Amino acid sequence: MAFTLPALPYALNALEPHIDELTMQIHHGKHHQAYVDNLNKALAGTPNEGKTLEEIVAIAGTLGAPVRNNGGGHWNHSFFWETMAPNAGGIPSGTLADAITTAFGSFDTFKEKFAAAGLGRFGSGWAWLIVKDGKLEIASTPNQDNPLMDIAEVKGHPILGVDVWEHAYYLKYQNKRPDYLAAFWHVINWKKVTERFDAASK
Ligand code: MN3
């Protein structure tokens, strides 16, 4: 069965003023839709057509650039929309807060290191917070790769990720990736991230 664009879990303008409505409209409706359409095209008539998205991502390095890029694009964006929410942000609590303190010393140090991963990714890609061998780590990937892929430099289970492609921020923030990354903290759905952490830590 062909993949389809998932509906956003909130309105296009729900993340204003941090992420603007026009960016969301184009990012979800055009960019993500294109990853879905191109993934379906690349898989059509191949033995991988019936695989789940998770199965495709896990062997992305063996499937050629169109499937790797568009399969990653579909997985990453589906994950990204769920990572954000209106009236969100703040600081995590519970198990995740403890794990962040253990891994990074403090929440502020974690924020610095995560932002540095996003800023340090030259060109297009993603910064991630992953669970690896039961511990939290920060990673970044180029293009539409992610830490679940067989070809990832640092592998693990993503619980938080931020898109640092220019299409994620250029309309509102132009070239100012640091300003976009600063705004991202205001829209992180820590409840969702904590659920992912708990699931990945079992
Ligand atoms: Mn994007």
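The values are calculated or read from the model by the stated rules, or taken from the named source; none is laboratory data. These numbers were taken from a predicted model, which means no experiment stands behind them. Don't worry about glycine lacking a Cβ; one is built from the backbone with ideal geometry, like all the others, and counts go over all protein chains shown. What goes into the accessible areas is simple: the full protein's heavy atoms, side chains included, and nothing from ligands, DNA or RNA. Shrake-Rupley method; radii C 1.70, N 1.55, O 1.52, S 1.80 Å.
Computed values, structure above
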quantity	calculated
Which listed pairs, of Lys111/Lys155; Lys51/Lys192; Lys155/Lys176; Lys172/Lys202, have C-alpha distances above 32 Å, in listed order	Lys172/Lys202
Region 110-202, accessible surface, carbon-and-sulfur percent (1.4 angstrom probe)	52 percent
Per residue accessible area in Å² of region 30-90, where ligands, DNA and RNA are left out and the probe is 1.4 Å	44 Å²
Relative pair counts by distance (%), Cα atoms of region 35-86, 10 Å bins	27, 54, 15, 4, 0
Cα→Cβ-extended label distance, 7 Å offset, between Leu5 and His167, nm	1.1 nm
Nearest-20 debye value, the chain charge dipole, Cβ charges on Lys, Arg, Asp, Glu	120 debye
Reciprocal mean inverse distance between Cα atoms of region 24-135 - Kirkwood radius, Å	16.4 Å
Kirkwood-type radius of region 63-202, with distances r between different C-alpha atoms, in Å	15.2 Å
Solvent-accessible area per residue, Å², over region 115-195 with all protein chains present [probe radius 1.4 Å]	43 Å²
Ranking by accessible area, most exposed first, for Ser93, Ser124 with a 1.4 Å probe	Ser93, Ser124
